[in-house]
1. Name the helices (runs of 4 or more DSSP H) wholly inside the stretch 183-261 in which the number of residues that are open to solvent by 40 Å² or more (accessible area, probe 1.4 Å) and among the basic types (Lys, Arg) is 2 or more.
2. Pairs needed: first member in the stretch 27-43, within 21 Å of Arg206 (Cβ to Cβ) and in a strand (DSSP E or B); second member anywhere, among the basic types (Lys, Arg) and within 16 Å of the ligand (Cβ to nearest atom); C-beta distance under 6 Å; at least 6 residues apart or different chains.
3. Here are some conditions: (1) free of Cβ contacts under 8 Å to residues at least 24 places away in the same chain; (2) closer than 16 Å to Gly35 by Cα. Val215 meets all but one. Which one does it not meet?
4. Go through (1) more than 16 Å from the ligand (Cβ to nearest atom); (2) in contact with a strand residue (DSSP E or B) (Cβ under 8 Å, 6 or more places away or on another chain) for Val168 and report which single condition fails.
5. What's the number of the condition Leu177 fails, among (1) buried (at least 22 other Cβ atoms within 10 Å of the Cβ); (2) within 18 Å of Val51 (Cα to Cα); (3) not aromatic (Phe, Trp, Tyr)?
6. I'm trying to understand the selection: among the residues of the stretch 91-149, which are at pLDDT below 85, crowded, with 16+ Cβ neighbours inside 10 Å and small (Gly, Ala, Ser)?
7. Assuming Ala176 fulfils every condition listed in (1) out of contact with any Pro (no Cβ under 9 Å at 6 or more places or on another chain); (2) closer than 30 Å to Glu4 by Cβ; (3) not charged (D, E, K, R) apart from one, which condition is it?
Amino acid sequence: MTGELLQLSSLSGGYPPVSVFRNVDLTIGKGEAVGLFGPNGHGKTTLLKTVAGLIDPWDGEIRFDGRRLNAEGVMAARISKHLNYDLFRRRRIQARDVVRAGLIYVMQGNLLFPEMTVDEVLHIAPSASRGRSGVSEMQSLVRDLFPRLRERRHSKIRYLSGGERQMVSIAVGLLALPRLLILDEPTLGLSPKLRLELSEAIARIRDAQVPLLVVDQNVEFLTSLVDRLYLFDHGSITSEIDKAHMPSHDEIMTMLFGSAP
Ligand SMILES: Nc1ncnc2c1ncn2[C@@H]1O[C@H](COP(=O)(O)OP(=O)(O)OP(=O)(O)O)[C@@H](O)[C@H]1O
């Protein structure tokens with residue numbers, strides 16, 4: 001394995017019995033920032049949740065730093081729709097193992113504990129990085145990136161704006177000392193000013209050498225951020241584009257939809 005951090009090979013999955021993505025081949029090299037762009041509802045989040053160990057893959061391979069994270073073989077059909085599949089069949093991938101390996105997924109929609117304060121949430125985050133060095137450096141990067149969180153440190157999560165919650169979510173991901181940080185729609189639903197603030201913070205995370213996989217609907221943000229961009233359509237990767245050959249917004253729209261809107 002040469003320099004690959006994440007390697008997905010012929011990965012397929014979905015919500016049984018509905019297939020959502022199929023035969024996905026995707027790699028992220030050490031130190032790389034990679035983007036995934038495509039229409040809504042075509043399976044990007046389902047793919048990311050599968051890589052994060054939240055959903056069992058149906059077929060294919062997830063390798064992280066050369067180590068296989070999912071069990072070998074093809075997932076058999078579900079025996080009964082009335083039974084909890086997880087109760088009688090071993091999971092094919094464990095979210096706990098994925099996190100311990102350093103693959104950290106910041107979900108879409110800021111799923112945080114609403115009754116906890118910012119400080120409380122940020123203090124439990126480093127437990128995922130037990131025994132690894134670099135926590136204080138990461139804490140200092142987080143303080144630099146999101147000074148607003150210091151001002152809001154005694155506030156409960158439920159009282160934060162959408163942008164502030166997104167900052168907390170990304171901060172939690174960083175404090176877990178990711179070897180790869182996956183961000184799912186980090187700028188979704190934010191005002192233009194906050195979107196810019198978040199985009200700049202994510203560019204600084206890239207500059208701090210944290211490998212990234214980012215899904216976002218803002219294609220200009222993605223193309224300026226990443227070393228490589230994958231286009232994703234109807235559950236499959238349709239193109240892989242290098243930074244040196246990055247198309248314009250209109251060209252990407254034409255590649256995906258046949259014409260720019
Ligand atoms: N928990 C679920 N159970 C069953 N189907 C689901 C579930 N979550 C999502 N889906 C379906 O899976 C398909 C892919 O959704 P997914 O959220 O992965 O797409 P997406 O490309 O990330 O879109 P978006 O950008 O809107 O989140 C959609 O048809 C969606 O309705």
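The values are calculated or read from the model by the stated rules, or taken from the named source; none is laboratory data. None of these values were measured; they are calculated from a predicted model. Here the Cβ positions follow ideal geometry from the backbone for every residue, glycine too, while neighbour counts run over all protein chains shown. The area values use the complete protein model at the heavy-atom level, side chains included, leaving out ligands, DNA and RNA. Shrake-Rupley method; radii C 1.70, N 1.55, O 1.52, S 1.80 Å.
1. In the stretch 183-261, the matching helices (runs of 4 or more DSSP H) lie at 192-207.
2. Short answer, once both residue conditions are applied: Leu36/Lys44.
3. Exception for Val215: condition (1).
4. Val168 satisfies every listed condition except (2).
5. (1)
6. Answer for the stretch 91-149, where residues must be at pLDDT below 85, crowded, with 16+ Cβ neighbours inside 10 Å and small (Gly, Ala, Ser): Ala125, Ala128, Ser129.
7. Going through (1) out of contact with any Pro (no Cβ under 9 Å at 6 or more places or on another chain); (2) closer than 30 Å to Glu4 by Cβ; (3) not charged (D, E, K, R) one by one, Ala176 breaks only (1).
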